[in-house]
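Inspection log for the structure reproduced underneath, given as structure tokens.
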Amino acid sequence: MVNYIWVGMTLIGIVYAIFNGTIEEVNEALFKGAKDAVTLCFGLMSVLVFWLGLMKIAEDSGLLNKLSKLFQPIVSKLFPDVPPDHPAMGYILSNMMANTFGLGNAATPLGIKAMEQLKELNGGRDVASRSMVTFLALNTSAITIIPTTVIAIRMTHHSTSPTDIVMPTILVTICSTIGAIIIDRYYYHKRKKNGGY
């Protein structure tokens, strides 16, 4: 559906530009946008490859495993419906670690796998379980220590100090995660009181 909306908006814009006599500006904007997109992609690629490489080293050295074990007691409290030895728990922890290091692209496949496992635990139903809702809230608001993607974008656009956003990002994402947990728990208890879950 979204694809149809984008195509429709593009066609309306082109038709409007033809009748308005600004098709030349549209062509110029198209090519400039394409050039900027390629430049941005190459800038992002170099930084993401670097951090994904570090993540792979951390994974192979067992550091990610140790971090996962360190956070497992906290995560187990957030997901009481998920058995500690279930594959979903491993994917949830890996997703959280990837998000913590600002690797949204690496976190996405782990998040999808976690959701698949949580759906399995939910009996394959199409209605989201308590754990699925909690995971989505935490995944969206994830605490980020190193906002890798944003730093890469700032470097691509020649920021004088691209890492200035690290401390504000840590503070904001801590607040957003605490907020997500509070809201998640509030609605969980409200729904439970009304006979849900």
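Values for this structure:
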| item | result |
| --- | --- |
| The range 1-151, dipole about Cα centre (Lys/Arg Cβ +1, Asp/Glu Cβ -1), debye to the nearest 20 | 460 |
| Apportionment of accessible area to carbon and sulfur, the range 66-159, percent (1.4 Å) | 65 |
| Residue-averaged 222 nm ellipticity for the chain, from DSSP H runs of 4+ at -39500 (n - 2.57), nearest 500 | -27000 deg cm²/dmol |
| Lysine pair count for the chain [Cα-Cα under 26 Å; pairs on different chains or 8 or more apart] | 16 |
| Length gained when the stretch M167-V49 is fully extended (0.36 nm per residue, less Cα-Cα span) | 40.2 nm |
| Accessible area expressed per residue, the chain, with surrounding protein chains retained (probe 1.4 Å, Å²) | 66 |
| Angle between the chain longest axis and helix 104-121 axis [Cα atoms, degrees, rounded to 10] | 40 |
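The values are calculated or read from the model by the stated rules, or taken from the named source; none is laboratory data. Just so it is clear, the model here is predicted, and its values are computed rather than measured. Methodologically, a virtual Cβ is constructed for each residue, glycine included, from the backbone with ideal geometry; neighbour enumeration extends over all protein chains shown. All accessible areas refer to the heavy atoms of the entire protein, side chains included, with ligands and DNA or RNA removed. Shrake-Rupley method; radii C 1.70, N 1.55, O 1.52, S 1.80 Å.
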